[in-house]
Amino acid sequence: MKGYRCGWMVLFVGMSFICPAVASAQGRHVSIIVDTSGSMRDSDKSRYTLQLSQILADLLDTDDSLTVIHLPPGQNDCNDRANPSLAMQFNSAYRSSFQAKLDKALYYSTDNNFAAPVHTAQADLEQHKTKARLLLFVADSGGLGKNCDAKLTQDLQALRNQGVTIAAVNIGGLGAFDANPAFTFTTGARDSNDLVKSVAEVYQKFIGAKHVQTGSTNNAIEFELESQVKNAYLVIVADGRLNALTALDGNPQAGQVDLNYKGGGHAIGLDGLQRDYRIVRMHRPQSGHWRFQVPDLKKTAGWMLLQDSALALRLTSAANAAQDITTPLEAELYDQETGKGVYSPRPPAGFQASVEIEGRTVMLHDDGQDGDRKAGDGVFTASTRFSQVGTQQIRLNLQSSLLDRHSEATVQVEAVDWGLQASVPEHVEVDNPVNLTVKIQPGVSSHSPMPPQAIDVYIDGKAETSLYDDGKNGDTQAGDSLYAGTWTPHTIADYSLDFKAVAGGNALPTKASIKVIGSIRFGLAIPVNFGRRSSNSQVQNHLDLGNDTLVKGEYPLTLSSNYSASGSVVEIDLGQGWVPLDARPQPFVLGSGALHSWPLRLRVGDCPASVTANDHFSIEFSGTDANGQPVRHSVPLRLEIAADWWLHCWWPVLATAVAGLLGAIVIYGFWSPSRFSPKLGVFLSPEEDINEGFFHPIYAQRGTGNGFYRDARVYIRQDFRLSGNAKGELARLRADGKQVFIRPAPGAVVYRQNFDGEWEVMPANETAVNFGVIYKDSLGALFFQLRNG
């Protein structure tokens, strides 16, 4: 892929991430003004403007909205009013019809008439004041036009003053938009390298992320994801057909991975070529190396990755301050999706936090100094002064190796005689007294004001205690402008504290918060003693934490034991029946109002393994306390188990072996003897010509089968019959594997015909029968032959 093609793909893929990265509690709204003038026919033959609008629509959340505005035909009048017919509103319920309308509207045939589109965008953005708003221009480098540039710039500046982000992509390089003061940022693209840089610039300045990953592929895509990512979007755009992606083995875990987010889409370019796009959405993905594959891709495709971090910075201290009195501003990292604070002993790599106040920047720190309450508690503090009275807009800046994010907060600054600065611990244990202090500072405009008589403390809106500067009841020194006192919380909760001055000069109230937590302290371990046990026995006891164990609050813990001996088991009843207490952790909740004793039992089966007093076993409690610190407690487990006499335990094995041997002997006695073939039989004839006789199947004769350790046999009788009985026999036939042996009856003479046709007397012992050989008796009255079938 050369020239603009790969770069354009990356550009529009990158621009598609504008929408999901703008965070707002009320959602986001994006208005796009697309240059549909005739000059765009050469600049965008592939109609990537259409594809950009489609991708943006697909990436919208349920609270977000999108409007695409095109240029009108005819002459340009700078005072042209808003024209709703130029705008297309996206409704996720009618995705297909919206894309069809875009396909019809975004063709390049108009003049550079920006007045009506700008005023249409103004009206559109006015309807979404509660949302984070972006106005994006996608156009060639001609700007807003010479005649209307001043008028439209003034209109756009009014939008920017209302908090609307205004951006532009100048196709063909930097142009008039770049010099326009109304634009928050602009970027230009002359070739594919510029396109990648343009995307990175838009991404950094608007989205608030630094690490952009893009590339081209004809098969596999690989990239790295950072930690604390809320959503990651991988967008692929191809100059041709594009199938849904597949995830390769070995990827990290994620809350959800949608390999074909909203089904993708396509655009038909002015060159008649269909260009497809696909989106992969990864919700709450784990950090690490990710790999995907694009199957059956005929042409090279461009791709880009968005990592929409969940982290942001917010103000947690009071939203009021006293003029020219040092005020500590506190902020914390929080998860934008859950709204909960995020504490980590190690902030993100390259982390820096600052606040912009009255034109100056003050760094936020978490080192326990210069007003910071506690080092490493996740609360970042900046001590500063406000010189101007009134409502102040301050800006919070979050910087890391990945992020460059900003948020705003409002602080009400007042001129007062006294400023109050409260100092309370971040958290305390329930039922323990808490030292509360407030330092008073004179305001710059006051002239020897009377200090407050006391500082009343309101806990969650209710007056609970008062602080004094009299050297009593917790106050260390009278008259040092430091008011102190104690308060004892009796309930585990998060409390909001309001400090209000009583009498004296005008003082600005202040706020603080405190977290009252529980506590868990294990006492001395009470061993569990099961004593000495033997086989087929059971004994019960209790696992008891004792009276000196102190528990306030509720704590999820686990119980386990290193006891492991075959033939015996230790079990515990945690309230839901007996369960084995072994190396597998058993979860339970240890609470202040619950029992601290649980039934235990030892069950010993038949032939257990021996356990001696020298074998050391224990029961382990494991979990964390209210501060997140590990909690462990070990209880010794004492027992002995006597092993049974070896013959008592092994006799079933021996008996089984003997029975098996006997069974094998019996089975072999029936299985090993040989059998006659089912088709085997004997021709009996009174003539030497055997064909004059009759065929007698052996299987048809009773008693001719095999027996216990006895081969199958049949007797040929003088009366032209076969029998399983030896009475009246002339000769006996016996099966032996695949052979048959013949033996004359005792005292009888049997002849067989040799190959020369002569008759010879058979030996008295067994000989192998040759099929096809004719046998006869001594009188020549009975002839027989053995045949198969």
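The values are calculated or read from the model by the stated rules, or taken from the named source; none is laboratory data. Not measured: the values here are computed from a predicted model. Reconstructed Cβ throughout: ideal geometry from the backbone, glycine too, with neighbour counts over all protein chains shown. Side chains included, ligands, DNA and RNA excluded: accessible areas come from the protein's heavy atoms. Shrake-Rupley method; radii C 1.70, N 1.55, O 1.52, S 1.80 Å.
Check E358, E330, E408 and return the single one that is modelled with pLDDT of 85 or more and open to solvent by 40 Å² or more (accessible area, probe 1.4 Å). E358 is the lone residue from the list that is modelled with pLDDT of 85 or more and open to solvent by 40 Å² or more (accessible area, probe 1.4 Å). Taken together, Q388, Q392 contain a single residue that is farther than 25 Å from Q369 by Cα, out of contact with any Pro (no Cβ under 8 Å at 6 or more places or on another chain) and not in a loop (DSSP other than H, G, I, E, B), which is Q392. The numbered conditions (1) open to solvent by 40 Å² or more (accessible area, probe 1.4 Å); (2) out of contact with any helix residue (DSSP H, G or I) (no Cβ under 8 Å at 6 or more places or on another chain); (3) not in a strand (DSSP E or B) are all true for S674 except (1). The set of residues in segment 493-513 that are surrounded by 15 or more Cβ atoms within 10 Å (Cβ to Cβ), aliphatic (A, V, I, L, M) and modelled with pLDDT under 90 comprises A507, L508, A512.
Kindly state which strands (runs of 3 or more DSSP E) lie completely within segment 681-789 and contain at least 3 residues that are of a type in the set (V, I, T), within 60 Å of the chain's Cα centre (by Cα) and closer than 30 Å to V666 by Cα. Reasoning before the result, please.
Numbers: elements: 694-697, 713-717, 729-736, 739-744, 750-753, 759-761, 775-777, 783-788.
Here the list is empty.
In segment 73-192, counting only helices (runs of 4 or more DSSP H) that sit wholly within it, the ones holding 1 or more residues that are modelled with pLDDT of 90 or more and closer than 30 Å to I268 by Cα span 115-126. When segment 337-347 is examined, which residues are found to be over 9 Å from G378 (Cβ atoms) and open to solvent by 50 Å² or more (accessible area, probe 1.4 Å)? Passing the criteria: E337, T338, K340, R346. Here segment 290-311 is the region considered, the condition is being within 30 Å of N397 (Cα to Cα) and of a type in the set (G, A, S), and the residue that is surrounded by the most Cβ atoms within 10 Å (Cβ to Cβ) is S309. Of all residues in segment 535-555, those being open to solvent by less than 60 Å² (accessible area, probe 1.4 Å) and outside any strand (DSSP E or B) number 5.
Write out, first by first residue and then by second, each pair whose Cβ atoms fall under 7 Å of each other, whose residues are 6+ apart or on separate chains, and whose first residue, in segment 458-480, is more than 18 Å from V434 (Cβ to Cβ) while the second is open to solvent by 90 Å² or more (accessible area, probe 1.4 Å) and part of a loop (DSSP other than H, G, I, E, B). Pairs found: G471/Q477. Screening G531, G523, G518, G567 for residues that are at positive phi and under 42 Å from the mean Cα position of the chain (by Cα) leaves exactly one candidate, G567.
Checked against the criterion of being modelled with pLDDT under 70 and among the β-branched types (V, I, T), segment 58-66 contains not a single residue that satisfies it. Just one of the numbered conditions (1) within 18 Å of P295 (Cα to Cα); (2) surrounded by fewer than 14 Cβ atoms within 10 Å (Cβ to Cβ); (3) of a type in the set (D, E, K, R) is not true of D276: (2). Looking only at segment 111-125, residues that are surrounded by fewer than 18 Cβ atoms within 10 Å (Cβ to Cβ) and touching a Ser or Thr at 6+ places or on another chain (Cβ under 9 Å) come to 1 in all. Screening H596 against (1) open to solvent by 70 Å² or more (accessible area, probe 1.4 Å); (2) closer than 19 Å to L637 by Cα leaves a single unmet condition, (1). Candidates D470, D456, D480, D460: the one that is modelled with pLDDT under 90, out of contact with any Cys (no Cβ under 7 Å at 6 or more places or on another chain) and of a type in the set (D, E, K, R) is D460.
Looking at segment 694-708, is at least one residue within 30 Å of R752 (Cβ to Cβ) and touching a residue at least 60 places away in the same chain (Cβ under 8 Å)? Spell out the reasoning first.
Residues of segment 694-708 that are within 30 Å of R752 (Cβ to Cβ), as a first pass: 694-707.
Pick out the ones that are also touching a residue at least 60 places away in the same chain (Cβ under 8 Å) and you get 695.
Yes.
Of all the residues in segment 566-582, those that are polar (S, T, N, Q) and either without any contact (Cβ under 8 Å) to a residue 24 or more places away in the chain or part of a loop (DSSP other than H, G, I, E, B) (or both) number 2. Checked against (1) surrounded by 12 or more Cβ atoms within 10 Å (Cβ to Cβ); (2) in contact with a Lys or Arg (Cβ under 8 Å, 6 or more places away or on another chain), R601 meets all criteria but (2).
Filtering segment 251-275 down to residues that are outside any strand (DSSP E or B) and more than 28 Å from the chain's Cα centre (by Cα), which residue is farthest from S96 (Cα to Cα)?
Filtering segment 251-275 for residues that are outside any strand (DSSP E or B) and more than 28 Å from the chain's Cα centre (by Cα), the one farthest from S96 (Cα to Cα) comes out as D271.
State all residues of segment 608-648 that are open to solvent by less than 40 Å² (accessible area, probe 1.4 Å), over 20 Å from G523 (Cβ atoms) and of a type outside the set (G, A, S); if no residue qualifies, say none. If the condition is that a residue be open to solvent by less than 40 Å² (accessible area, probe 1.4 Å), over 20 Å from G523 (Cβ atoms) and of a type outside the set (G, A, S), then P608, V611, F617, L639, I641 are the ones that fit.
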